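The values are calculated or read from the model by the stated rules, or taken from the named source; none is laboratory data. Owing to the predicted nature of the structure, the values given are computational and were not obtained by experimental measurement. We place every Cβ from the backbone using ideal geometry, glycine too, and count neighbours over all the protein chains shown.
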Amino acid sequence: MSDPENKKPIDDVTGIETTGHSWDGIEELNNPLPRWWLWSLYLTIIWAIGYTIAYPAWPLINGATEGLLGYSTRGEVAADIDAREAANAERNAELASADLATLSDNDALYRYAVSSGAAVFRTNCSQCHGSGAAGAIGYPNLLDDDWLWGGNHEQIAYTVRHGVRNEDDDDAHYSEMPAFGEILDKEQIPPLVEYVRSLSGLEFDAALAEVGADSFADNCTACHAEDGMGDPEQGAPNLTDAIWLYGGDREALTHTITYSRFGVMPPWGGRLSEAQVQAVATYVHQLGGGEADPDPVTD
Amino acid sequence: MAETPPPSLYAAREPIFPRRVSGFFRSLKWWIMGLTLGIYYLLPWVRWDRGPNLPDQAVLADLASRRFFFFWIEIWPHEFYFVAGLLIMAGLGLFLFTSALGRVWCGYACPQTVWTDLFLLVERKIEGDRNAQIRLLKAKWDFRKWRLRLTKWLIWLGISVATGGAWVFYFTDAPTLLRDLVTLDAAAVAYISIAIMTATTFLFGGFMREQVCIYMCPWPRIQAAMMDEGTLTVGYREWRGEPRGKHRKGARAAAAAGTATTYVETNLPEADQGTGDCIDCMACVNVCPMGIDIRDGQQMECITCALCIDACDDIMSKIGKPRGLIDYLALEDVPPPKESPERATWSPRPIWKHVLKPRTILYTTLWGLIGAGMVFALFVRSDIELTVSPVRNPTYVMQSEGSIRNIYDVRLRNKSGEDRLFHLSLSSDETLRIELEGSNDLSVLVPANETLLQRVYVTARRQDPAASSNRTDLRIWVEDVEAQTRASTATLFNGKGE
């Protein structure tokens, strides 16, 4: 331009054009951005608008716009789960009818049973038995070698399927220890406690235990057996071992004898699929305490 | 007074037409381009026999089975520290080279530079050199222009597809993938990767070029902090070249005759003529792929490709002046002012003094130590390995006879190409017994090239000290019975405590 007034403002020191803005004599240099940068900004804006049309975005009073693609994270998870279930359908069918005693011969299916059983256990069983299966007072520890209702594969699967002392399943394990507070005199209970303690090698009062031995023979041996070894057929605990479901101290034993205990486990047969029951039984069996399976009956 | 219209805050890209140049650095760059592109395109096709069950591709990042193969080296996911070590070495190497030689990475080895160079070569072969390209830009879109442009773009696109295609071969068996790609049987991710790499190569090499370096790459800004006044970098000897002036034939014979005895005297601007060595021929500017003038001094845009050195040396020898007006130089190497008596005896510091300085020595030492450590770690790696995770939920299990049991999740790795029988045992000062879940004889078969999770029980009898103490040290051993190799890991046994 010929008009000298219209010349670009130039900074004296750097020789770079200024924007013409001046604050207290300090001028702003103009180092222009590349124009494609501006275009890429517009492109991202257009992209963002397209995105909000295609995907759920704009919040409304009830929920948000759904987007033309009909995408939702819930739907994606549901599709994922369906895909996994479809992929596992064959293995689950095989597992549902498998003989658990010989399952470990089929390495791939056994590993599948253990890992899917672990998932089933954490979701459904850990609330009572603990995430590490160590149990709690009144909830059996599944890691040890002590089993109330038997610890081979079939016995574990049966307990999972039908539960214990529940009213929902006619095949549930059932037994009931009487509350001996209503049967025995109050003075008869402390000697019984001492005798029971003597059975499992805990420290005990010998004189009282001798008295307690008689009432044990009269009242307890029907279920717990004469030697106190218990009876897995009735879920009667072994009193001679080191494991106490409700505690082995005098207070806990007195409470158990006086009021009895009534531990309940729901049946899982209806809630879990047969494959899941088999899987979780396999998982529990390999936690450390699983008992040997009986030899198959041969004709 | 009229209002000045506000200047635009955005500038369109000025097209750059680097002129062809020849010389030492140009040849060096051709060799480096051939080498790097050759490695990139051909490496996935190199075969390496690892025996059965293992891939025979020399370099393979097998993401699906989580293995990285590099010739005789196989990296498992838990050995990712090797990759981290390599990255640290790459970083330190970059520091070392930048502190000693400036932006040599940018100038010679950066993919953006190498592929742009390749695209420029194609452009020059089809459209001609700088002047022809400028004419073509201004020409109307007639048949010839369309033909040249389309040919160029097609060749660029071919290179881009090959570039994107080579990338995916690093991630799966190359011959199989190539067949699948052609028959449209390859995974979608392969096609998407190729499409993205093709698009970026085409765009960055053909059209974005120096814009990538100036506006998209963080490296030019980072490197400024790594260079110092002793760093050898591409620069202009201003004291020699200024003031610039047009070349006049025959005026500088004295200098060329070599009668001078000292460095400065040889290179001394002829003060009586009032001009320096720079004849303002613009050769350095015309060959620059970044479109800058190196005579303006160090600038962020300069990728130190050294082509201006070749261009200027060519001119200098034509006019009978010493080479090196534009050269690899250290910024501190400036002679004293003309009036100073020391100028006569001044000479630049030798190159080794610029390169050997505490920083570069430190970088080299660290680089070497890490490298030696990694090589050592690589050679002491065993074919068998174990990691032991004690199960701490619960810390211990009491068995019915009163013994105390701890549970361990032991991961057994068989890195050999065949199934191996591993035997487990333990050593401890206290009496402890080891058992395996699902195995009666302390042996377990670990499949080839796999990790097996084995549940291991360690038990202390009721009367053993370990049962009642808080913690007992123990070591779990795994032995490959056949190969007679073994490994061990120390861990703890938790008793009932006090």
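Name the residue, out of A:Ala113, A:Ala89, that is in contact with a helix residue (DSSP H, G or I) (Cβ under 8 Å, 6 or more places away or on another chain) and among the small types (Gly, Ala, Ser).
Only one candidate qualifies: A:Ala113.
How many residues are touching a residue at least 40 places away in the same chain (Cβ under 8 Å), of a type in the set (Ser, Thr, Tyr) and either away from every other protein chain (no Cβ under 14 Å) or in a helix (DSSP H, G or I) (or both) when one looks only at the stretch B:365-402?
Qualifying residue count, the stretch B:365-402: 2.
Conditions (1) exposed (fewer than 15 other Cβ atoms within 10 Å of the Cβ); (2) not in a helix (DSSP H, G or I), marked per residue:
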site: B:Ala186; (1), (2): no, yes
site: B:Thr198; (1), (2): no, no
site: B:Cys213; (1), (2): no, no
site: B:Ile222; (1), (2): yes, no
site: B:Met227; (1), (2): no, yes
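Looking only at the stretch B:430-465, count how many residues are over 29 Å from B:Gly51 (Cβ atoms), in contact with an Asp or Glu (Cβ under 6 Å, 6 or more places away or on another chain) and either assigned to a loop (DSSP other than H, G, I, E, B) or among the acidic types (Asp, Glu) (or both).
1
When you scan the stretch B:328-338, do you find a residue that is modelled with pLDDT under 85, assigned to a loop (DSSP other than H, G, I, E, B), farther than 25 Å from B:Asp228 by Cα and outside the structural domain of B:Trp72 (by TED's automatic domain parsing), even just one?
Within the stretch B:328-338, one or more residues are modelled with pLDDT under 85, assigned to a loop (DSSP other than H, G, I, E, B), farther than 25 Å from B:Asp228 by Cα and outside the structural domain of B:Trp72 (by TED's automatic domain parsing).
Can we say A:Gly132 is free of Cβ contacts under 8 Å to residues at least 40 places away in the same chain, within 14 Å of chain B (Cβ to nearest Cβ) and surrounded by 12 or more Cβ atoms within 10 Å (Cβ to Cβ)?
Yes; evaluated as a whole, the condition is true for this residue.
Scanning for something outside the structural domain of B:Gly324 (by TED's automatic domain parsing), surrounded by 15 or more Cβ atoms within 10 Å (Cβ to Cβ), part of a strand (DSSP E or B) and of a type outside the set (S, T, N, Q), does the stretch B:46-60 turn up at least one residue?
Yes, the stretch B:46-60 has at least one match.
When you scan the stretch A:185-200, do you find a residue that is over 30 Å from A:Ala275 (Cα atoms), within 13 Å of chain B (Cβ to nearest Cβ) and either in contact (Cβ under 8 Å) with a residue 24 or more places away in the chain or of a type in the set (Val, Ile, Thr) (or both), even just one?
Yes, because at least one residue in the stretch A:185-200 is over 30 Å from A:Ala275 (Cα atoms), within 13 Å of chain B (Cβ to nearest Cβ) and either in contact (Cβ under 8 Å) with a residue 24 or more places away in the chain or of a type in the set (Val, Ile, Thr) (or both).
So B:Arg295 fits all but one of (1) over 24 Å from B:Val212 (Cβ atoms); (2) in a helix (DSSP H, G or I); (3) touching a residue at least 60 places away in the same chain (Cβ under 8 Å); (4) of a type outside the set (A, V, I, L, M); what number is the exception?
(3)
Does any residue of the stretch A:78-88 turn out to be away from every other protein chain (no Cβ under 14 Å) and basic (Lys, Arg)?
yes
Which condition number in (1) part of a loop (DSSP other than H, G, I, E, B); (2) surrounded by 15 or more Cβ atoms within 10 Å (Cβ to Cβ) is the one that A:Ala292 fails?
Among (1) part of a loop (DSSP other than H, G, I, E, B); (2) surrounded by 15 or more Cβ atoms within 10 Å (Cβ to Cβ), the lone unmet condition for A:Ala292 is (2).
What number of residues in the stretch A:42-74 are within 14 Å of chain B (Cβ to nearest Cβ) and exposed (fewer than 11 other Cβ atoms within 10 Å of the Cβ)?
1
Could you please find all residues in the stretch A:1-41 being acidic (Asp, Glu), loosely packed, with under 11 Cβ neighbours inside 10 Å and at pLDDT 85 or above?
Answer for the stretch A:1-41, where residues must be acidic (Asp, Glu), loosely packed, with under 11 Cβ neighbours inside 10 Å and at pLDDT 85 or above: just A:Asp24.
Yes or no, residue by residue, for (1) out of contact with any His (no Cβ under 7 Å at 6 or more places or on another chain); (2) assigned to a loop (DSSP other than H, G, I, E, B); (3) farther than 17 Å from A:Pro140 by Cβ:
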position	(1), (2), (3)
A:Phe216	yes, no, yes
A:Trp244	yes, yes, no
A:Gly248	yes, yes, no
A:Trp268	yes, yes, no
A:Tyr283	yes, no, no
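Taking A:Val211 and the conditions (1) in a helix (DSSP H, G or I); (2) crowded, with 18+ Cβ neighbours inside 10 Å, which numbered condition does it fall short on, given that it satisfies the others?
Of the numbered conditions (1) in a helix (DSSP H, G or I); (2) crowded, with 18+ Cβ neighbours inside 10 Å, the odd one out for A:Val211 is (2).
In this structure, does B:Val234 turn out to be touching a Pro at 6+ places or on another chain (Cβ under 7 Å), modelled with pLDDT of 90 or more and among the β-branched types (Val, Ile, Thr)?
No.
One residue is enough: does the stretch B:204-212 have a residue meeting the conditions in contact with a strand residue (DSSP E or B) (Cβ under 9 Å, 6 or more places away or on another chain) and not aliphatic (A, V, I, L, M)?
Scanning the stretch B:204-212 turns up at least one residue that is in contact with a strand residue (DSSP E or B) (Cβ under 9 Å, 6 or more places away or on another chain) and not aliphatic (A, V, I, L, M).
Within the stretch B:415-435, can one find any residue that is closer than 24 Å to B:Ser65 by Cα, of a type outside the set (Val, Ile, Thr), touching a strand residue (DSSP E or B) at 6+ places or on another chain (Cβ under 7 Å) and within 14 Å of another protein chain (Cβ to nearest Cβ)?
Checking the stretch B:415-435: at least one residue is closer than 24 Å to B:Ser65 by Cα, of a type outside the set (Val, Ile, Thr), touching a strand residue (DSSP E or B) at 6+ places or on another chain (Cβ under 7 Å) and within 14 Å of another protein chain (Cβ to nearest Cβ).
Starting from the stretch A:94-119, take each residue that is within 14 Å of another protein chain (Cβ to nearest Cβ) and list its partners that are surrounded by 14 or more Cβ atoms within 10 Å (Cβ to Cβ) and of a type in the set (Phe, Trp, Tyr), counting only C-beta distances under 9 angstrom and pairs at least six apart or across chains.
Close Cβ pairs satisfying both conditions: A:Leu103/A:Tyr110; A:Ser104/A:Tyr110; A:Ala113/A:Tyr283; A:Val114/A:Tyr283; A:Ser115/A:Tyr283; A:Gly117/A:Tyr283; A:Ala118/A:Tyr283.
Being out of contact with any Cys (no Cβ under 6 Å at 6 or more places or on another chain), free of Cβ contacts under 8 Å to residues at least 24 places away in the same chain, not in a loop (DSSP other than H, G, I, E, B) and not charged (D, E, K, R) is true for just one of B:Phe119, B:Phe69, B:Phe95, B:Phe82. Which residue is that?
Testing whether each residue is out of contact with any Cys (no Cβ under 6 Å at 6 or more places or on another chain), free of Cβ contacts under 8 Å to residues at least 24 places away in the same chain, not in a loop (DSSP other than H, G, I, E, B) and not charged (D, E, K, R) leaves just B:Phe69.
Failed condition for A:Asn166, given (1) farther than 27 Å from A:Ala292 by Cα; (2) free of Cβ contacts under 8 Å to residues at least 24 places away in the same chain; (3) not assigned by TED's automatic domain parsing to the domain that holds A:Met229, with all others met?
That leaves (2) as the condition not met.
Being within 27 Å of B:Tyr215 (Cβ to Cβ) and not acidic (Asp, Glu) is true for just one of A:Gly75, A:Gly50, A:Gly70. Which residue is that?
Within the list A:Gly75, A:Gly50, A:Gly70, the selection yields A:Gly50.
Take the residues in the stretch B:127-171 that are assigned to a helix (DSSP H, G or I) and of a type in the set (Gly, Ala, Ser); name whichever of them is farthest from B:Ile194 (Cα to Cα).
Applying the filter and picking the extreme gives B:Ala132.
Quick one: is B:Ala162 buried (at least 18 other Cβ atoms within 10 Å of the Cβ) and within 17 Å of B:Pro44 (Cβ to Cβ)?
Here the answer is no, as B:Ala162 does not meet what is asked.
For B:Ser27, only one of the following conditions fails: (1) polar (S, T, N, Q); (2) surrounded by fewer than 17 Cβ atoms within 10 Å (Cβ to Cβ); (3) modelled with pLDDT under 95. What is its number?
So B:Ser27 meets the others, but not (3).
In the stretch B:16-37, is there at least one residue being within 14 Å of another protein chain (Cβ to nearest Cβ) and out of contact with any strand residue (DSSP E or B) (no Cβ under 9 Å at 6 or more places or on another chain)?
yes
(1) part of a loop (DSSP other than H, G, I, E, B); (2) at pLDDT below 95; (3) within 14 Å of chain B (Cβ to nearest Cβ): which one isn't true of A:Leu142, the others all being true?
Among (1) part of a loop (DSSP other than H, G, I, E, B); (2) at pLDDT below 95; (3) within 14 Å of chain B (Cβ to nearest Cβ), A:Leu142 violates only (2).
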